[in-house]
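J.: Could you have a look at this structure, given as structure tokens, before my questions?
The values are calculated or read from the model by the stated rules, or taken from the named source; none is laboratory data. Everything numeric in this text was worked out from a predicted model, so none of it was measured. Glycine also receives a Cβ, built like all others from the backbone with ideal geometry; neighbour counts cover every protein chain displayed.
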Amino acid sequence: MADLHPTLARVTARIIERSRDSRQRYIDLMAREAQRHPDRTTLACSNLAHGYAAMGDDKAAIGGGKAPNLAIVTAYNDMLSAHQPYGRYPEAMKIYAREVGATAQVAGGVPAMCDGVTQGQDGMDLSLFSRDTIALSTAVALSHEMYDGMALLGICDKIVPGLLIGALRFGHIAGVFVPSGPMPSGIGNKEKQKTRQLYAEGKVGRDELLASESASYHAPGTCTFYGTANSNQMMMEMMGLHMPGAAFVSPNTPLRSALTRAAVHQLARISTRGSDPRPLWRCVDEKAIVNACVGLLATGGSTNHALHLPAIARAAGIVIDWSDFDELSKDVPLIARVYPNGSGDVNHFHAAGGMGYVIRELLSAGLAHEDILTVGGASLADYAQEPVMAEKDLTWQAAPVAPLDPTMLAPVSDPFLPDGGMRLLTGNLGRATIKTSAVDEERWVIEAPCRVFETQEDVARAFKAGELDRDVVVVVRFQGPRANGMPELHKLTPPLGVLQDKGFRVALVTDGRMSGASGKVPAAIHCTPEALPDAAGLAGPLAYLQDGDVVRVDARDGTLSTSADLAARQPAPPPPPATGVGRELFAMMRAGADGAEKGGSAMLAAAGL
């Protein structure tokens with residue numbers, strides 16, 4: 001094991017100290033939960049009978065209480081391509097459980113919305129708060145206290161964070177994430193991006209655009225670009241919450257089935273009634289959270305995790321902030337280039353060495369904590385491997401010692417970029433996140449008069465009218481958690497890309513999100529405090545900006561500022577709350593949400609976490 005890099009050691013020590021009291025409260029809660037309800041046989045007979053009434057031949061094993069009973073919490077639906085394969089998982093998992101003397105039950109389902117379907121639509125306003133809803137649904141599923149371990153079936157954007165947040169409140173039992181893998185590669189990403197820009201310019205029609213999109217998103221499995229869904233899978237590997245190497249194996253293959261079977265067998269083994277109990281609270285500690293941050297930076301992952309990782313950490317009593325990301329980013333090199341940060345997708349990344357190579361490189365440089373408790377091995381070193389089928393048996397082999405495709409992966413000693421490309425911006429416009437790994441360095445500093453908008457649609461209209469054909473900082477405000485649920489703003493990407501390609505110096509500033517699919521245009525996102533006034537009536541700085549104010553986005557110096565005298569102004573009035581598509585039902589979540597740097601969660605804020 002290599003000596004820890006001093007930055008990793010320093011940041012980890014700071015997080016441990018900052019979290020000392022809250023982490024101890026969480027550990028104490030887990031101890032009480034384990035003692036309060038040690039197993040399902042303490043349930044009253046009527047309760048227990050209800051719990052296994054429909055379980056047929058498994059009744060005796062569940063009622064006897066000696067065999068592990070595993071909860072399956074599933075995010076299956078067949079609208080979401082990544083989750084469509086989960087439809088048949090429970091039946092197979094019950095068989096796999098019986099093979100090792102255990103039983104399994106579908107404890108419950110959680111909602112799973114597709115940001116790809118709702119992107120740019122009204123339903124996207126529900127997206128961030130679907131994470132809290134998923135966490136609450138996970139808690140409802142597990143609240144029956146029938147289980148010794150939990151298999152968590154989820155992949156995409158808010159779903160993995162929501163499942164993990166909910167599961168951590170039941171962290172006295174074991175938990176394993178069971179992925180289903182990415183769809184096969186479709187048309188090239190550059191070709192897809194080109195068609196989108198041509199459509200934005202009015203040079204191709206809807207038929208051509210739909211044909212291009214359908215050739216990209218075309219089969220069961222996760223979308224293959226390196227956005228939030230695939231960043232989730234990377235993080236589960238870095239935290240040791242998958243079976244090693246499970247993240248990017250395609251659905252409906254013998255290897256994928258073998259990995260699912262191994263996950264169930266291992267969950268039975270590490271469950272409360274297994275031979276090697278590993279409660280989830282012990283697996284998700286400060287070192288595991290830091291590993292997830294490092295993996296995000298080293299691979300150029302989704303900026304959405306600047307929201308999700310603080311929320312996940314809070315559920316385990318751990319406090320992290322954007323300063324931790326920023327400090328780590330300065331010393332964690334970029335060693336993966338996956339679209340939109342490179343030309344190849346996650347299938348090409350996996351074929352080039354994938355997560356096994358990334359983890360081996362980071363461990364060899366002291367840039368990851370090896371000594372974490374994982375669900376599938378003795379330490380994180382067991383994740384520097386890749387799964388293979390030998391005849392009909394699953395086994396693991398060492399990851400490649402050198403990248404099999406040097407355009408996709410690089411060694412720590414000769415990285416693509418010397419830093420992780422996710423930076424903190426601070427200044428008189430607040431605190432924000434910027435992802436530089438896909439942005440040309442000549443565009444890391446943009447200073448120009450701003451144009452202020454309150455919706456994506458207003459930006460699109462101005463673009464079509466030619467009003468943005470100049471150097472400009474586009475400001476889109478009232479897009480934070482409390483204003484409208486903090487939707488992703490990807491409808492902005494094609495027009496801003498067109499303006500940049502015309503030679504203009506362009507940047508985006510917003511209190512909304514852009515996620516891991518954000519690309520070549522510099523974007524200061526997640527601005528906090530958000531523009532909407534808080535409970536004390538104080539509006540965030542973006543509410544005071546006016547058209548023509550000069551705004552500077554400086555990723556080199558880490559600043560976000562304006563030369564305008566904001567203190568001499570009154571804030572712009574916020575738009576009325578939107579209704580329709582169920583948005584009015586989420587009013588309580590908007591009203592109670594905390595800031596983006598804490599994760600933008602109403603549920604965690606109300607719980608005092």
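J.: For ALA524, state whether it is assigned by TED's automatic domain parsing to the domain that holds ARG431, out of contact with any helix residue (DSSP H, G or I) (no Cβ under 8 Å at 6 or more places or on another chain) and in contact (Cβ under 8 Å) with a residue 24 or more places away in the chain.
T.: yes
J.: Kindly indicate the residue of the stretch 543-577 that is within 26 Å of the chain's Cα centre (by Cα) and not β-branched (Val, Ile, Thr) and also surrounded by the fewest Cβ atoms within 10 Å (Cβ to Cβ) among those meeting that condition.
T.: ARG556
J.: Also, I was wondering about something else. Mind listing just one residue for me: the one in the stretch 137-168 that is of a type in the set (D, E, K, R) and touching a Leu at 6+ places or on another chain (Cβ under 8 Å) and, of those, farthest from HIS350 (Cα to Cα)? Lay out the reasoning, then the answer.
T.: Of all residues in the stretch 137-168, those of a type in the set (D, E, K, R) come to 145, 148, 157-158.
Filter once more, keeping what is touching a Leu at 6+ places or on another chain (Cβ under 8 Å): 145, 148, 158.
Working: GLU145: 38, ASP148: 33, LYS158: 23 Å.
Filtering first and then ranking leaves GLU145.
J.: Quick check on this structure: which one of THR374, THR407 is part of a loop (DSSP other than H, G, I, E, B), within 19 Å of ASN291 (Cα to Cα) and hydroxyl-bearing (Ser, Thr, Tyr)?
T.: Exactly one of THR374, THR407 is part of a loop (DSSP other than H, G, I, E, B), within 19 Å of ASN291 (Cα to Cα) and hydroxyl-bearing (Ser, Thr, Tyr), namely THR374.
J.: What's the total number of residues in the stretch 530-551 that are over 15 Å from VAL475 (Cβ atoms) and in contact (Cβ under 8 Å) with a residue 12 or more places away in the chain?
T.: Initial filter on the stretch 530-551 (over 15 Å from VAL475 (Cβ atoms)): 533-538.
Within this subset, residues satisfying the condition of being in contact (Cβ under 8 Å) with a residue 12 or more places away in the chain are 533-534.
So the answer is 2.
J.: Residue by residue through the stretch 510-528, note down the ones that are part of a loop (DSSP other than H, G, I, E, B) and within 19 Å of ASP554 (Cα to Cα).
T.: ASP511, GLY512, MET514, SER518, GLY519, LYS520, VAL521, PRO522, listed by residue number.
J.: Here's something else I'd like to know. Condition first: within 28 Å of the chain's Cα centre (by Cα) and over 26 Å from PRO574 (Cβ atoms). Can you find one or more residues in the stretch 474-490 that meet it?
T.: Our first condition is that a residue be within 28 Å of the chain's Cα centre (by Cα); within the stretch 474-490, this holds for 474-490.
Add one more test, that the residue is over 26 Å from PRO574 (Cβ atoms), and what stays is none.
Looking for residues that are within 28 Å of the chain's Cα centre (by Cα) and over 26 Å from PRO574 (Cβ atoms), one finds none in the stretch 474-490, hence no.
J.: Could you list, ordered by first residue, the pairs with Cβ atoms under 6 Å in which the first is in the stretch 360-387 and in contact (Cβ under 8 Å) with a residue 24 or more places away in the chain and more than 19 Å from VAL412 (Cβ to Cβ) and the second is among the polar types (S, T, N, Q) and surrounded by 19 or more Cβ atoms within 10 Å (Cβ to Cβ), at least 6 apart or interchain?
T.: GLY376/GLN266
J.: Cβ contacts < 9 Å: first residue in contact (Cβ under 8 Å) with a residue 12 or more places away in the chain, restricted to the stretch 280-304; second residue in a helix (DSSP H, G or I) and of a type in the set (Lys, Arg), any location; separation 6+ or different chain. Result?
T.: Within 9 Å, the pairs are ASP285/ARG23; GLU286/ARG23.
Listed here are the residues, each with its yes/no results for (1) β-branched (Val, Ile, Thr); (2) in contact (Cβ under 8 Å) with a residue 40 or more places away in the chain.
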residue: GLU391; (1), (2): no, no
residue: TRP396; (1), (2): no, yes
residue: ARG431; (1), (2): no, yes
residue: SER437; (1), (2): no, yes
residue: VAL445; (1), (2): yes, yes
residue: GLU454; (1), (2): no, yes
residue: VAL474; (1), (2): yes, no
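J.: Residue pairs, Cβ under 8 Å, 6 or more apart or interchain, first in the stretch 47-59 and closer than 13 Å to ALA107 by Cβ, second β-branched (Val, Ile, Thr) and in a helix (DSSP H, G or I). List them.
T.: Partner pairs satisfying both residue conditions: GLY51/ILE62; TYR52/ILE62; MET55/ILE62.
J.: Within the stretch 402-421, identify whether any single residue is surrounded by 17 or more Cβ atoms within 10 Å (Cβ to Cβ), of a type in the set (Asp, Glu) and touching a Pro at 6+ places or on another chain (Cβ under 8 Å), and answer yes or no.
T.: yes
J.: Turning to a different aspect of this structure: Of all residues in the stretch 55-73 being among the small types (Gly, Ala, Ser) and closer than 16 Å to ASP39 by Cβ, which is surrounded by the fewest Cβ atoms within 10 Å (Cβ to Cβ)?
T.: Only one residue fits best here, namely GLY64.
J.: Take the residues in the stretch 236-259 that are among the hydroxyl-bearing types (Ser, Thr, Tyr) and part of a loop (DSSP other than H, G, I, E, B); name whichever of them is surrounded by the most Cβ atoms within 10 Å (Cβ to Cβ).
T.: SER250
J.: Restricting to the stretch 529-547, and then to whatever is of a type in the set (A, V, I, L, M) and part of a loop (DSSP other than H, G, I, E, B), can you tell me which residue is modelled with the lowest pLDDT?
T.: Restricting attention to the stretch 529-547, the residues satisfying the condition of being of a type in the set (A, V, I, L, M) are 531-532, 535-536, 538-539, 542-543, 545.
Filter once more, keeping what is part of a loop (DSSP other than H, G, I, E, B): 531-532, 535-536, 538-539, 545.
Details: ALA531: 98, LEU532: 97, ALA535: 88, ALA536: 91, LEU538: 95, ALA539: 97, LEU545: 98.
Residue satisfying both the conditions and the ranking: ALA535.
J.: Could you check the stretch 142-167 and list, in sequence order, the residues that are of a type outside the set (Ser, Thr, Tyr) and surrounded by fewer than 24 Cβ atoms within 10 Å (Cβ to Cβ)? Before the answer, list the steps.
T.: Of the stretch 142-167, the ones of a type outside the set (Ser, Thr, Tyr) are 142, 144-146, 148-167.
If the condition is that a residue be of a type outside the set (Ser, Thr, Tyr) and surrounded by fewer than 24 Cβ atoms within 10 Å (Cβ to Cβ), then LEU142, HIS144, GLU145, MET146 are the ones that fit.
J.: Would you mention how many residues in the stretch 1-41 are in a loop (DSSP other than H, G, I, E, B), modelled with pLDDT of 95 or more and more than 18 Å from HIS369 (Cβ to Cβ)?
T.: 0
J.: Here's a follow-up. Just to be sure before I move on: is ARG273 assigned to a loop (DSSP other than H, G, I, E, B), over 29 Å from HIS348 (Cβ atoms) and in contact (Cβ under 8 Å) with a residue 24 or more places away in the chain in the structure I sent?
T.: Yes: the conditions hold for ARG273.
J.: Please identify the pairs in which a residue from the stretch 233-259 that is touching a residue at least 60 places away in the same chain (Cβ under 8 Å) has its Cβ atom under 6 Å from the Cβ atom of a residue that is part of a helix (DSSP H, G or I) and among the acidic types (Asp, Glu), counting only partners at least 6 apart or on another chain.
T.: PRO244/ASP382; ALA247/GLU237
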